[in-house]
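*Asks:* For reference, the structure I am asking about is given below.
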Amino acid sequence: MSKTIIISNRLPLQLEINNDSITATPSVGGLATGMKSVHSGSDSIWVGWSGLTEESLNTENQNLVSESLKKHQCLGVPLSELEIEGFYYGFSNNTLWPLFHYFMEYTEFDKENWETYQSVNQKFANIVLENLEEGDTIWIHDYQLLLLPEMIRKQKPNVTIGFFLHIPFPSYEVFRTIPCRQELLKGMLGANLIGFHTYDYERHFLSSVQRILGYEINFNNVQLDNRIIKVDSFPMGIDYDKFHNAAKIHDQKEKGDKTEIQQEIDKHLQDSKQTKLILSIDRLDYTKGIANRLRAFEYFLDKYPQFKGKARLVMLAVPSRSDVPQYQILKNEIDQLVGRINGKFAEISWTPIWYFYRSMPFENLIDLYTSSEVALLTPIRDGMNLVAKEYIASRVDMKGVLILSEMTGASKEMSEALIINPNNFEEIADTLKFALEMPEEEQIKRNSALQKRLKRYDVEKWANDFMESLEMTKTTLKKYSLKKLTSSVKEEILSRFSKATNRILYLDYDGTLAPFEKIPEDAKPTQKIFDILDKIHATPNTKLILITGRDKATFDKWFSHKEYTLITEHGAWLKESNKEWELLERVNNDWFGSIAPVLESFTDRTPGSLIEEKNYSLAWHFRNVDPDLGKLRAMELKTTIQHLIANHNLEILEGDKVLEIKVSGIDKGKSACKMLTGKEYDFIFAIGDDWTDEFMFKELPSSSYTVKVGLKKTIAKYYVEDTHQVHQLLKEFS
Ligand code: GDG
């Protein structure tokens, strides 16, 4: 039976060794809860690190750990202290975490850590591969495992892999600074589906893929030669019912059943009934903007002194990654700030900040959520921020005001909250005042809309949506695999070829016989290409035609010493074996004078673009232009030229990163068909990669074998992946 393999850095369990026994407690975090619907029954395993290093376990313990993990359908990836140091603290948290959160000044690139990151990802891959069976689906989580999708795909090309990034994906300008940018992107692109929390992260990722790897993007799909990768946003939700129901129970508790913290809070509120609580909860992390929040609170008390004694900041900072130096520095900074602000404002009956540096049990979290009139969450950057959602879900009476940083993923969905810029103290202070004074009806109105959305798109819905989307990628693949030139189709074509008495083959050049180069002149035919073509040409009763959009002069230079038939400029020129060039169509170029200046002005304004002047057409190439600018300018150019060409008998042909203006009525389809007159061919074959080759596929007789290079939309009967596969196929013809 096929299963789902979930993979994350840490397993969703807390292990504890007591003498010779191990206790495993399931984690209660958002991810573990969300994946419950996916990780249930016997058809799923979860692969990850147990949290115990190899050094902390003897052989006996190791077996106990494995057994205990197995009971929870988990599989451990054993990691040593050194590996945790380089992979987790090093590359994941000292390089990727700060970079992806725009803290470039904290980003260190250490070659050894990068090597450990690669080898640990490979370790994960090996364990997954050992346990992978036909039909299994894989879901990989987060920034610690960016290389894993590709590592698995290399060994199992057809497996279905989903990848979800829980943190932001930074803009291209930031991402490009990391030396191993190509490896990271390629690693992620091993997946079939890549998910982010927001559309912004999605478009940043796509922009990096396009600019760094030069891959084609179609809407939200990355187009590779042999695969299409879907990229989409899935804003992660919370276990709404868990928080809402816990808050309901909390509100009904008798005094004696209340937690110690709640009793303390109640006591303080009784003493100072007018004091409102402003809540702040985060892991202690520089991305969460805790220090700024404290400074902004100080600014608020200075600006609006009437709130002294009337508002209190309750700040829970959960210890995190305390082995990383930046976190130790931050801890000291916060300790000092809290001390200074409390010292500055404290009165006998009131201290402005209650500060907890620890992790609290779930029921205390509910105490804080339900007791605080305001939640002040001001991350500098945050992938999503689940605390914001949990606060709203816990407000059973629908009162309470959420102030949320616009730099969180959650702010994109929670527009009824008060959205602030975490760097603007003026705005934070004014918003705090506004929140503390907000009428209850308005609070209820805002929160009811928020709650409705959080309840509907909860974490289970999120996980199921992702899995459904991943499932759908299989259908897309199937659609393409129907046209794939399989070995049986290949055999059929070859057998028809050898049995035929009169054969004709049309071969496109750029992107088909030769891969694209930055400068068109660099795509010269290699000896390998000549060898393949020579052999086909030497086969009796076989007409070999190279058919191209290129200009006559280039093909003349490259191929006139051979006897192949050449058709250039989409069919304007023909050169039969051992004959002179002849004009196939009556064309002129007296229109160049009115169109060329327009193309020149576009070239001047578009770095990287170039004009190619052919005998009877003008081509504007934008392969080396910034991809977005290229598309934009091409659109602009089309519109500008449209009314100019109306006066001449011209048309615009859109090729792969090129716009060509030429006399209308000339295309590869028409010229290919002309070559069929006067002779009966019982084997017709055409191959090409580009939009202009579609004319050929369309016009040639339906019995022809038509083949597209690359997984693009086509009317050809079959496709092959790349020029390498073209060569393989053509070699077999000879
Ligand atoms: C990463 C991304 C993204 C906090 N203190 C205690 C406690 N918590 C729980 C909260 C919440 C979770 O921890 C924190 O989640 P966040 O989303 O706020 O932040 P990260 O840990 O940084 O998570 C983030 C998330 O992944 C999911 O994709 O939203 O942007 O950085 O659930 O309730 N839980 C308990 N005691 C505490 O003291 N029990």
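*Asks:* Could you order 74, 673 so the one with the most accessible surface comes first? Probe is 1.4 Å.
*Replies:* From most exposed to least exposed: 673, 74.
*Asks:* Between residue 421 and residue 576, what length comes free when the chain is fully extended (0.36 nm per residue of separation minus the Cα-Cα distance, one decimal in nm)? Intermediate results must be reported in sequence, preceding the final value.
*Replies:* Working: separation 155, 0.36 × 155 = 55.80 nm, distance 6.96 nm.
Here the answer is 48.8 nm.
*Asks:* Within region 113-198, report the trypsin sites (Lys or Arg not before Pro) that DSSP leaves as loop and that have at most 15 other Cβ atoms within 10 Å.
*Replies:* Filter output for region 113-198: 176.
*Asks:* If amide H atoms are built 1.01 Å from N in the plane of the peptide, which residues on other chains or at least 5 residues away come under 5 Å of the amide H of residue 664?
*Replies:* 650, 651
*Asks:* Can you compute the modelled spin-label distance between residue 412 and residue 596, with each label point 7 Å from Cα toward Cβ, in nm?
*Replies:* 4.8
*Asks:* Report the Cα centroid-to-centroid distance between region 328-342 and region 370-389 in angstrom, as an integer.
*Replies:* Each part's Cα centre sits 20 Å from the other's.
*Asks:* Sort 280-287, 419-426 for me by packing, meaning the mean count of neighbouring Cβ atoms within 10 Å per residue, highest on top.
*Replies:* Highest-to-lowest ranking by the protection proxy: 280-287, 419-426.
*Asks:* Right, here's the next one. Sticking with the crude label model, points 7 Å out along Cα→Cβ, report the distance from residue 219 to residue 348 in nm, one decimal please.
*Replies:* About 7.0 nm, to one decimal.
*Asks:* Then there is this: In whole Hz, with x marking every Gly and Pro, tabulate ³J(HN,Hα) for region 308-317 from phi via Karplus 6.51 cos²θ - 1.76 cosθ + 1.60, θ = phi - 60°.
*Replies:* 4, x, 10, 9, 9, 8, 9, 10, 9, 10
*Asks:* Between residue 484 and residue 275, what length comes free when the chain is fully extended (0.36 nm per residue of separation minus the Cα-Cα distance, one decimal in nm)?
*Replies:* 68.2 nm is the gain from fully extending residue 484 to residue 275.
*Asks:* Could you check how much of the accessible area of region 240-456 is carbon and sulfur, as a whole percent, using a 1.4 Å probe?
*Replies:* 49
*Asks:* Using DSSP to call loops (not H, G, I, E or B), can you name the GluC sites (Glu not before Pro) in region 200-272 whose Cβ has at most 14 other Cβ atoms within 10 angstrom?
*Replies:* Values: sites: 202, 216, 254, 260, 264; in loops: 254.
Filter output for region 200-272: 254.
*Asks:* Say R0 is 45 Å: what FRET efficiency, to the nearest 0.05, do residue 522 and residue 72 get from their beta-carbon distance?
*Replies:* Details: r = 57 Å, r/R0 = 1.27.
Efficiency computed from Cβ-Cβ geometry: 0.20.
*Asks:* Further question: For region 593-665, with every protein chain kept in place, what is the accessible area per residue (1.4 Å probe, Å²)?
*Replies:* Counting only protein heavy atoms, the per-residue value for region 593-665 is 47 Å².
*Asks:* Just by accessible area at a 1.4 angstrom probe, what is the order of 43, 667, 271 from largest to smallest? All intermediate terms of the calculation are to be shown ahead of the outcome.
*Replies:* On the way: 43 60, 667 30, 271 120 Å².
Correct descending sequence by accessible area is 271, 43, 667.
*Asks:* Please compute the modelled spin-label separation between residue 562 and residue 181, points set 7 Å along Cα→Cβ, answer in nm with one decimal.
*Replies:* 3.8
*Asks:* What are the ³J(HN,Hα) values, in whole Hz, obtained from phi via the Karplus relation 6.51 cos²θ - 1.76 cosθ + 1.60 with θ = phi - 60°, for each residue of region 248-258 in sequence order, with x given for Gly and Pro?
*Replies:* 4, 4, 4, 5, 8, 5, 6, 3, x, 8, 6
*Asks:* Around residue 49, which amide H atoms from residues at least 5 apart in sequence, or from another chain, sit under 5 Å from its own amide H, with H modelled in the peptide plane?
*Replies:* Placed amide hydrogens put 10, 11, 77 under 5 Å from residue 49.
*Asks:* Next up: At 0.36 nm per residue, minus the direct Cα-Cα distance, what do residue 649 and residue 674 gain on full extension? Give it in nm, one decimal, please.
*Replies:* Length gained between residue 649 and residue 674: 6.9 nm.
*Asks:* Next question. Convert each backbone phi in region 80-91 into a coupling constant with the Karplus relation 6.51 cos²θ - 1.76 cosθ + 1.60 (shift: θ = phi - 60°), then list the ³J(HN,Hα) values in order as whole Hz, x for Gly and Pro.
*Replies:* Residue by residue, region 80-91 yields 8, 4, 5, 5, 4, 4, x, 7, 8, 5, x, 5 Hz.
*Asks:* So how far, in whole Å, is the C-alpha centre of region 205-242 from the one of region 107-126?
*Replies:* Using only Cα atoms, the two centres lie 23 Å from each other.
*Asks:* With both bridge residues required to lie in region 1-75, what share of the DSSP beta bridges run antiparallel, to the nearest 5%?
*Replies:* The antiparallel proportion sits near 45 percent.
*Asks:* Quantify how much of the Cα-Cα distance distribution of the chain extends past 45 Å, in percent.
*Replies:* Counting every Cα pair in the chain, those more than 45 Å apart make up 40 percent.
*Asks:* Distance from the Cα centre of region 544-589 to that of region 654-697, in angstrom?
*Replies:* A separation of 13 Å, based on Cα centres.
*Asks:* Name the residues whose placed amide hydrogens come within less than 5 Å of the amide hydrogen of residue 355, ignoring near sequence neighbours (fewer than 5 apart) on the same chain.
*Replies:* The answer is 315.
The values are calculated or read from the model by the stated rules, or taken from the named source; none is laboratory data. Keep in mind that what you see is a predicted model, and the values were worked out from it rather than measured. For neighbour counting, all protein chains shown are included, and Cβ atoms are generated from backbone atoms with ideal geometry for every residue, glycine included. To get the accessible areas, we keep the full protein, side chains included, count just its heavy atoms, and leave off ligands, DNA and RNA. Shrake-Rupley method; radii C 1.70, N 1.55, O 1.52, S 1.80 Å.
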